[in-house]
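The values are calculated or read from the model by the stated rules, or taken from the named source; none is laboratory data. As the structure is a computational prediction, the values presented were derived from the model and not from experiment. FYI the Cβ positions are ideal-geometry reconstructions off the backbone, even for glycines, and counts take in every protein chain you see.
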Amino acid sequence: MNAIKISKMKFGCRLFMQSRSVLGFIKSPNPIRNLHISSHPFLGLRCAIKQTHNHFCVSYPKWRQSCCSSSSKSSSNKPVHIVDYSTTLETGVNDKNFESSYVHGGGDSDEPAGKTVVETEMEKEAWRLLKEAVVTYCGNPVGTLAANDPGDKMPLNYDQVFIRDFVPSALAFLLKGEGEIVRNFLFNTLQLQSWEKTVDCYSPGQGLMPASFKIRTVPLDDTKVEEVLDPDFGESAIGRVAPVDSGKTRLWWIILLRAYIKITGDYAMQERVDVQTGIKLILNLCLSDGFDMFPSLLVTDGSCMIDRRMGIHGHPLEIQSLFYSALRCAREMLALDEGSKNLVRTVNNRLSALSFHIREYYWLDMKKINEIYRYKTEEYSTEAINKFNIYPEQIPYWLMDWIPGEGGYMIGNLQPAHMDFRFFTLGNIWSIVSSLSTPKQNNSILNLLESKWDDLVGDMPLKIIYPALEEEEWRIITGSDPKNTPWSYHNGGSWPTLLWQFTLACIKMGRIELARKAVDLAENSLYSDHWPEYYDTRSGKFIGKQSRLYQTWTIAGYLTSKMLLENPEKASLLFWEEDYDLLEMCVCALSKTGRKLCARGAAKSQILV
Ligand code: GLC
């Protein structure tokens, strides 16, 4: 019988030293790091790829390339699927040296020019912890650990760099005037995109990126060790979830790329051939035809921040708002030439269709509930009012009492005969940030958050979902998940990392006081509680049952919120305004179909602007 093997590719970088922890240079600056290949993270970094085999998978050719050994490797040995950086342009970013700024305690003097801000004890501690969470690869900072709790004996995969978790860390660094770690992260993860990868015997397509990666130190012989960048494309992830937000279609990556360029002014970055190719690969993945009838992205359960079974398969709001932002980012960054003309047209059409779809069909307020409550069902016609055949009996009892007279929100998911009426905080906040929802809807969402403060914020901002699934629903929908018991973790737990996104949305809508109120609340306990990952109970009063402490995105989210509040003008680099061209495209497209009702609906929703 032919042996089937798993092939697992890894980047490698050889180091001439006895041993060295990933964070070694941060804790004790080590002269050995001078032996690294290059001071520039990418121009000189020729990473090796290592291939290991074990049973049960298809075998691939074996080869290896090392960055430091003298016997390695002319460019002719370059593996074909490694991006060629020979086209690299010099960056225009005016970085300060990362190590002097962040590793050797120079952080305090690194305020952006023109602003002197006195850091509180809490902020100082947060910066210290954030720096300690920095992970290096071949001597260069490339990301931050998900959590860095010295007391945690079972870190599972929290000792990895998660793509989505790194976003607030990246923003904190960028807002502090430090771009190098972000640039390195973007490049390293971009390279991973072109790797050949397999999960069991299946090789997913190009464009895929890992949800997380880890830098391992592997001994080569008595004197040398090799650092290996080991990605998780889902083959080790708990539940084998497909992280669409950061892995599968790399929505966060592209959003971060745009933030990096806007904040640093490094526009040369987006002109690079490899970056342009990366953007196109992402677009190809997101825009490829499927069986779907909707412009929204169809995904499996656990495909985003909620990376466990929680009944979000289908078209969850969080993915749609990240998808919308990523498309807007791509459109901004794509080099306009003959070759990209069609792609830009496709992106514009999708943006326009997606915003119409979400604004029209996901929006919920008292008036809309009343419409649904009186829906007729089983309508067969292009003119149907109840297009998705929603049975009014689906409206949950809690909602009828809960919905305020003022305000509204986007529902969590929409599919034939199914509306998920739960309030998903990240999806709603990111709809505001990305302008997926109309300005009027944006304000209404914040009104609802304000009027339902006790439920959605309580003692710790912010609840990830409201309300929690309980009893039979919990058993069926989560599969009796003991981590996701009612009002815990992803099932109604409170996640302080959401603070930065909330702050951004509030600043965008001119509701700074609301953001301040949330940040003040977080300040009451985050520091003394040691920066938990999440809080439990209805009001978010207790540190989560299995919550990590010293969770990096909690720390970074807090710092980013503080800096955004101190420099609200910077926030405008991170959100999007209404795009009237897109609206017009949608109204035109609808009127061409000649469906009067649709056109009326469109006009109505566009007037909401
Ligand atoms: C948990 C969260 C996920 C996060 C990861 C690392 O799995 O559900 O969203 O990325 O921890 O912090």
What's the number of the only condition in (1) under 16 Å from Ser444 (Cβ atoms); (2) free of Cβ contacts under 8 Å to residues at least 24 places away in the same chain; (3) out of contact with any Gly (no Cβ under 9 Å at 6 or more places or on another chain) that Pro392 fails to meet? (1)
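What do you reckon, is Met310 assigned to a helix (DSSP H, G or I), buried (at least 17 other Cβ atoms within 10 Å of the Cβ) and at pLDDT 95 or above?
Values: assigned to a helix (DSSP H, G or I): no; buried (at least 17 other Cβ atoms within 10 Å of the Cβ): yes; at pLDDT 95 or above: yes.
Here the answer is no, as Met310 does not meet what is asked.
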Residue pairs meeting the criteria (Cβ under 6 Å; at least 6 apart or on separate chains; first within 15 Å of the ligand (Cβ to nearest atom), in segment 230-242; second hydroxyl-bearing (Ser, Thr, Tyr) and part of a strand (DSSP E or B)): Asp232/Ser212
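Restricting segment 211-252 to residues that are assigned to a loop (DSSP other than H, G, I, E, B) and either aromatic (Phe, Trp, Tyr) or modelled with pLDDT of 85 or more (or both), which is nearest to the chain's Cα centre (by Cα)? Write out each step before concluding.
Filtering segment 211-252 down to residues assigned to a loop (DSSP other than H, G, I, E, B) leaves 211, 220-224, 233-237, 241-243, 249-250.
Now restrict to residues that are either aromatic (Phe, Trp, Tyr) or modelled with pLDDT of 85 or more (or both): 211, 220-224, 233, 250.
Numbers: Ala211: 10, Leu220: 35, Asp221: 39, Asp222: 40, Thr223: 39, Lys224: 36, Phe233: 15, Arg250: 8 Å.
Checking each candidate, the answer is Arg250.
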Among the residues of segment 482-492, how many are within 16 Å of the ligand (Cβ to nearest atom), more than 24 Å from the chain's Cα centre (by Cα) and within 13 Å of Met310 (Cβ to Cβ)? 1
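Here is a yes/no grid of residues against (1) in a loop (DSSP other than H, G, I, E, B); (2) under 25 Å from Leu574 (Cα atoms):
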{"site": "Glu379", "(1), (2)": "yes, no"}
{"site": "Met400", "(1), (2)": "no, no"}
{"site": "Gly407", "(1), (2)": "yes, yes"}
{"site": "Ile432", "(1), (2)": "no, yes"}
{"site": "Ser437", "(1), (2)": "yes, yes"}
{"site": "Asn442", "(1), (2)": "no, yes"}
{"site": "Asn447", "(1), (2)": "no, yes"}
{"site": "Pro461", "(1), (2)": "yes, yes"}
Are there any pairs with C-beta distances below 8 angstrom linking a residue in segment 285-314 that is of a type in the set (Lys, Arg) to a residue that is assigned to a loop (DSSP other than H, G, I, E, B) and away from the ligand (no atom under 15 Å from the Cβ), with the two at least 6 apart or on different chains, and if so which? Arg309/Gly479
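One line per residue, one yes/no per condition, for (1) assigned to a helix (DSSP H, G or I); (2) in contact with a Leu (Cβ under 8 Å, 6 or more places away or on another chain); (3) more than 22 Å from Asp266 (Cβ to Cβ); (4) at pLDDT below 95:
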| site | (1), (2), (3), (4) |
| --- | --- |
| Pro155 | no, no, yes, yes |
| Asp165 | yes, no, yes, no |
| Leu190 | yes, no, no, yes |
| Pro204 | no, no, yes, yes |
| Met209 | no, yes, no, yes |
Among the residues of segment 405-424, are any away from the ligand (no atom under 16 Å from the Cβ), modelled with pLDDT under 95 and touching a helix residue (DSSP H, G or I) at 6+ places or on another chain (Cβ under 7 Å)? yes
Look at segment 493-525 and say how many of its residues are within 16 Å of the ligand (Cβ to nearest atom), within 22 Å of Leu171 (Cα to Cα) and in a loop (DSSP other than H, G, I, E, B). 1
Does Val609 satisfy the condition of being more than 16 Å from the ligand (Cβ to nearest atom), modelled with pLDDT under 95 and assigned to a helix (DSSP H, G or I)? no
Residues satisfying the stated conditions in segment 446-481, i.e. over 24 Å from Lys541 (Cα atoms) and under 25 Å from the mean Cα position of the chain (by Cα): Ile477
Output the number of the condition that Thr277 fails; it satisfies all remaining conditions of (1) modelled with pLDDT under 95; (2) in contact with a Phe, Trp or Tyr (Cβ under 9 Å, 6 or more places away or on another chain). (2)
Which of the residues spanning segment 311-345 are within 16 Å of the ligand (Cβ to nearest atom) and over 18 Å from the mean Cα position of the chain (by Cα)? Gly311
Could you please tell me which pairs satisfy a Cβ distance under 7 Å, a separation of 6+ or placement on different chains, a first residue in segment 150-169 that is closer than 14 Å to Gln546 by Cβ and more than 10 Å from the ligand (Cβ to nearest atom), and a second residue that is modelled with pLDDT of 90 or more and part of a loop (DSSP other than H, G, I, E, B)? Asp152/Arg548
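Would you mind stating whether Gly234 is within 30 Å of Lys570 (Cβ to Cβ) and among the small types (Gly, Ala, Ser)?
Values: within 30 Å of Lys570 (Cβ to Cβ): no; among the small types (Gly, Ala, Ser): yes.
So Gly234 does not fit the description; no.
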Go through segment 348-374 residue by residue and tally those that are within 17 Å of Ile319 (Cβ to Cβ) and within 23 Å of the chain's Cα centre (by Cα). 9
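Being within 16 Å of the ligand (Cβ to nearest atom), closer than 29 Å to Phe575 by Cα and either in a helix (DSSP H, G or I) or in contact (Cβ under 8 Å) with a residue 60 or more places away in the chain (or both) is the filter here; which residues of segment 527-556 pass it? So that I can check it myself, show each step before the final result.
Here is the first cut: in segment 527-556, the ones within 16 Å of the ligand (Cβ to nearest atom) are 530-536, 543-556.
Subsequent filtering for residues that are closer than 29 Å to Phe575 by Cα retains 531-535, 550-556.
Of everything in segment 527-556, those that are within 16 Å of the ligand (Cβ to nearest atom), closer than 29 Å to Phe575 by Cα and either in a helix (DSSP H, G or I) or in contact (Cβ under 8 Å) with a residue 60 or more places away in the chain (or both) turn out to be Trp531, Glu533, Tyr534, Tyr535, Tyr550, Gln551, Thr552, Trp553, Thr554, Ile555, Ala556.
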